[in-house]
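Values in this text are rule-based calculations from the coordinates and carry no lab data. Since we're looking at a predicted model, the values are computed, not measured. Ideal geometry is used to build each Cβ from the backbone, glycine not excepted, and the neighbour counts take in all protein chains shown.
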Amino acid sequence: MTKNLPLYFDYNSTTPLDSRVLEAMIPHMTTYFGNPANQLHAYGWAASLAVQMATEQTAQLINAKPSEIVWNSGATEGNNSVFWGVVKTLKKQNAQKNLNDKIHFITTEIEHASVLKTFEYLKLHENIEYTVLPVDSAGFVSLEQIKSVTKPETKLISVMWVNNEIGTIQPIHDIANFCQSNDIYFHTDATQAIGKIKIDLKNTPIHFLTASSHKMYGPKGIGFLYTRSLNPHIQIENYLSGGGHQNNKRSGTLNVPAIVGAGMACEILNSEFENENKKNKHLQKLFFSELKNEFPNLILNGPTLESGHRSPMNLNVTFPNTPIDLYISKLTGLAFSQGSACHFGETSMSPVLKAVGLTPELASSTLRLSVGRLTTEKDILAAVQIFSAAFKY
């Protein structure tokens with residue numbers, strides 16, 4: 001760890017840029033700086049080929065076709081583009097048929113704000129209806145719950161693959177197959193899933209998948225949207241209009257260096273997946289066991305480590321009767337999160353912790369720790385000592 005910086009345990013929030021990713025990006029910020037939309041000279045050709053390679057690297061990681069990948073600014077844009085695109089498409093179809101059919105969406109109460117707030121906005125301004133399903137104490141939503149609220153007018157279901165706060169891995173394969181059998185669009189935000197669990201989109205019939213590069217050791221401000229092209233072929237209205245870039249799927253000049261970096265990050269994950277996950281699971285178990293030894297009353301929120309249904313990098317733990325805010329000055333040697341990093345500046349209780357049944361008192365004593373590529377056993381043992389010095393007096 002860099003001198004004078006805290007030990008980093010906030011990989012669920014963002015990851016450091018892998019040095020190999022940076023190395024791949026630099027030539028496209030200096031020598032090969034062309035615009036891929038200009039095919040009249042070598043600079044544009046080089047940029048276009050670089051984007052093509054990155055797209056292939058990304059598609060390979062999730063077993064998709066390169067033509068199914070569209071580059072964007074990240075999962076928040078991707079999520080918005082799916083929901084707005086679906087609504088625009090459905091309303092256009094209704095208008096062509098002189099219909100005024102209702103539009104109903106389904107999601108869960110532990111989704112990212114870019115899902116829940118967009119649904120809220122679409123209800124207010126586009127008159128859609130939506131149902132927000134509760135989760136159990138480990139953060140799971142069941143297929144039976146989804147079936148119970150599905151209506152004839154249900155057009156889209158959105159469920160996050162891996163929760164960003166408590167690490168719950170949802171039964172995505174089952175939900176996707178249900179949607180496929182009932183002609184319902186299925187969307188998943190896979191930002192916390194990619195690189196942590198195996199994703200095979202040939203065998204799991206997801207219609208839309210979104211992700212952000214900065215959660216997988218790539219650059220910030222770049223991500224992608226996967227849209228299924230066969231069985232069925234999915235095509236929705238554009239979210240952004242302009243010069244018709246990316247086969248008219250998302251207009252705007254491509255951020256070639258960032259795309260190259262995202263592609264390289266995917267290639268590294270693809271080649272090192274088994275070893276990295278084995279290491280992360282070991283560190284996760286070590287961290288929890290050491291903390292549990294030091295603090296016997298420690299509570300793990302979300303699925304158990306042995307269940308196979310938890311992200312291999314995530315620990316969300318409660319130190320009962322220990323309000324974290326009162327100890328921040330003693331924890332400056334650690335970088336962690338008290339909730340979702342996307343709710344920066346908010347002091348209210350995390351909606352995810354509330355959804356899984358934590359009281360405000362327990363939530364105030366809860367923090368999220370996440371390990372990653374640069375974490376060592378030494379870091380973990382040092383962190384436990386910091387917690388011990390802070391909380392024991």
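Just want the ordering: 101, 189, 18, from fewest to most Cβ atoms lying within 10 Å of their own Cβ.
Working: 101 13, 189 27, 18 20.
The most exposed by this proxy come first: 101, 18, 189.
Dipole of the range 81-221, Cα-centred, from +1 at each Lys and Arg C-beta and -1 at each Asp and Glu C-beta, to the nearest 20 debye? Intermediate results must be reported in sequence, preceding the final value.
Working: 15 positive and 14 negative charges, 107 e Å.
Charge dipole, the range 81-221, about its Cα centre: 520 debye, nearest 20.
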Stick to the Cα atoms of the chain, pair each with every other, and give me the Kirkwood hydrodynamic radius in Å at one decimal.
-> 22.1 Å
If each of residue 297 and residue 235 carries a label point 7 Å out from its Cα toward its Cβ, how far apart are those two points in nm?
-> 6.2 nm
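Using the Cα centre of the chain as the reference point, and only Cβ charges (+1 on K/R, -1 on D/E), how large is the resulting charge dipole? Debye, rounded to the nearest 20.
Working: 33 positive and 33 negative charges, 66 e Å.
Dipole magnitude for the chain comes out near 320 debye.
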What order do you get for 212, 229, 148 when you list them from fewest to most C-beta neighbours inside 10 Å?
-> 148, 229, 212
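Over 32 Å between Cα atoms, which of 249/285; 117/378; 151/220; 281/392; 117/330 qualify?
Values: 249/285 43 Å; 117/378 41 Å; 151/220 39 Å; 281/392 28 Å; 117/330 35 Å.
Over 32 Å Cα-Cα: 249/285; 117/378; 151/220; 117/330.
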Exposed trypsin sites (Lys or Arg not before Pro) absent: longest stretch of the chain, with sites in DSSP loops and at most 11 other Cβ within 10 Å deemed exposed = 203-391
Among 58, 89, 78, which residue has its Cα positioned farthest towards the positive end of the charge dipole of the range 51-137, with +1 placed on the Cβ of Lys and Arg, -1 on the Cβ of Asp and Glu, and the dipole taken about the Cα centre?
-> 89
Neighbouring Cβ atoms within 10 Å as the yardstick, rank 141, 371, 149 fewest first.
-> 149, 141, 371
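Of the beta bridges DSSP finds with both residues in the chain, what % are antiparallel, to the nearest 5? Let's see the in-between values first.
Numbers: 19 of 37 bridges.
So the antiparallel bridges in the chain amount to around 50 percent.
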Enumerate the residues in the range 252-270 having an amide nitrogen under 14 Å from the point lying 7 Å beyond the Cα of residue 198 toward its Cβ.
-> 270
